[in-house]
Amino acid sequence: MRVVIQRVSRASVSIEGAIISEIGKGLMILVGIEDADTDEDIEWLSGKISRLRIFSDDAGAMNRSVTEINGDILCVSQFTLHAKTKKGNRPSFIHAAKPNIAIPIYEKFIKQLSKDIEKPVKTGKFGAHMQIDLLNDGPVTIFIDTKNKE
């Protein structure tokens, strides 16, 4: 699994001009799933995200997690995080999981993340053409790949 995490002041997902999910202060997460992803990847990544200290404390240091600030999470599936661009100019998505594999993993990830932060995680609509609007706070943007554990 690969994620791009952005610390946001606000974020929303729209489909055909209608907002379907939105959050205030918290994390906007784009998640890419591949066939080799397992329950171990889900648990490790969810735990890492829920404990990631990227929100400022009273001294201005990044020392608080999304849970500690009672922040929200908006998570959107994005297969393009597995783009391969080595050959030619058209990306290959051969490593991205097909929907029959990706959807159950995505749903398990959302469920685990909700459990870990002890509140519902907002989502986009899997496979839909979405517009994402966000205000990145910092900016703070972090990339994590469960295969590298970094």
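Every number here is computed from the coordinates shown, using simple stated rules; none is lab data. Only a predicted model underlies this, so the values are computations on that prediction, with no experimental measurement involved. Here Cβ is always computed from backbone atoms with ideal geometry, including for glycine, and neighbour counts include all displayed protein chains.
Counting only Cα atoms, the size of the stretch 1-60 along its three principal axes is 42, 34, 13 Å, in decreasing order. For the stretch 64-150, the equivalent ellipsoid built from the Cα gyration tensor has semi-axes of 25, 17, 14 Å, listed from largest to smallest.
Close lysine pairs were tallied over the chain: pairs 8 or more places apart or on different chains with Cα atoms under 17 Å apart number 18. When Lys119, Lys111, Lys86 are arranged by Cβ crowding within 10 Å, least crowded first, meaning fewest neighbours, the order is Lys86, Lys111, Lys119. In the chain, Cα pairs under 8 Å separated by at least six residues give a relative contact order of 37 percent. With neighbours defined as other Cβ atoms within 10 Å of a residue's Cβ, the residues His129, His82, His95 order from fewest to most as His129, His95, His82. State the answer as a single residue: which of Gly47, Ile101, Pro139 lies farthest towards the positive end of the charge dipole of the stretch 36-150, with beta carbon charges of +1 for Lys and Arg and -1 for Asp and Glu, about the Cα centre. With unit charges placed on the Cβ atoms, the residue in question is Ile101. Considering the chain, its Cα convex hull presents a mean projected area of 9.3 nm².
In sequence order, the stretch 116-128 has phi-based couplings of 5, 9, 6, 6, x, 9, 7, 9, x, 10, 3, x, 7 Hz under the Karplus curve 6.51 cos²θ - 1.76 cosθ + 1.60, θ = phi - 60°, and Gly or Pro positions carry x. When the chain is treated as a Gaussian network with alpha carbon springs shorter than 10 Å, the biggest mean-square fluctuation among Thr85, Thr38, Thr123 belongs to Thr85.
About the centre of its Cα atoms, the chain shows a dipole size close to 420 debye [charges on the beta carbon of Lys, Arg (+1) and Asp, Glu (-1) only; nearest 20 debye]. Taking a point 7 Å out from the Cα of Arg10 in the direction of its Cβ, the residues of the stretch 122-150 whose backbone N falls within less than 19 Å of it are 122-124, 131-140.
Using the Cα centre of the chain as origin and beta-carbon charges of +1 (Lys, Arg) and -1 (Asp, Glu), tell me which of Gly26, Asn148, Ala11 is placed farthest towards the positive end of the dipole. Highest projection toward the positive end goes to Asn148. Our estimate of slack between Ile69 and Ile94, defined as 0.36 nm per intervening residue step minus the Cα-Cα distance, is 5.2 nm.
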